[in-house]
Structure formats: C-alpha cells, structure tokens
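Trainee: Sharing a structure here in structure tokens format.
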Amino acid sequence: MTSESAAAPVSQRRIWALAWPVMLSNITVPLLGLVDSAVLGHLPDATHLGAVAVGNQLFTLLFWSFGFLRTH
C-alpha cells in the first residue's frame, strides 16, 4: 500500500492571513511607549516622562524575552 500525501499549495493569501496578526503585534509594542510619551510629555515635571520611558523599556524587554513562545 502506498499513501499519497497531497499537500495543498501555499498561496499568498494564506501567507498574509497568517502574517498580518504578528506584524500588527510587532508594530503595537513601540506605539505603546510613543503614545505614553506623547501624553506625559505635556506635563510640567520631567520625572513622569522618565518613569514612562523606563517602564516602556522594561515592558519591551519582557515582551521580546518571551518571543520564543510565539515560534514552534
């Protein structure tokens, strides 16, 4: 007995359907810090802006540290 494995051809539509959520996720991480900095940049005290900048860097480090979980 022979078994035939008929793999369906991969189309561009299928690739984009899988890729766009990951691309959107990668774009939103820096945008989070950008929006926080823009909002807090209007405050008179610079310590708030510095705290957001440090928090954003820690969040980005944590997010990218667990990036291996997205691959398989």
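Trainee: Rg and Dmax of the stretch 12-72, Cα atoms, in Å?
Mentor: Spelled out, the Cα radius of gyration and Dmax of the stretch 12-72 are 15.4, 50 Å.
Trainee: Here's another thing I want to ask about it. Any chance you could run the full-extension gain for Phe66 through Ala19? It's 0.36 nm times the residue separation minus the Cα-Cα distance, nm to one decimal. List each step's numbers first, then the result.
Mentor: Details: separation 47, 0.36 × 47 = 16.92 nm, distance 1.86 nm.
Length difference between fully extended and current span is 15.1 nm.
Trainee: Let me ask something else about it. Note the full-extension length gain between Gln12 and Leu49 as 0.36 nm times their separation in residues minus their Cα-Cα distance, in nm to one decimal.
Mentor: 9.0 nm is the gain from fully extending Gln12 to Leu49.
Trainee: Still on this structure, please answer the following. Starting at the first residue of the stretch 13-28, write each ³J(HN,Hα) from the Karplus equation 6.51 cos²θ - 1.76 cosθ + 1.60 with θ = phi - 60°, in whole Hz, x for Gly and Pro.
Mentor: 4, 5, 5, 5, 5, 7, 8, 5, x, 5, 5, 5, 5, 5, 6, 6
Just so you know, all these numbers are worked out from the coordinates, no wet-lab data involved. Here the structure is a predicted model, which means the values were calculated and not measured.
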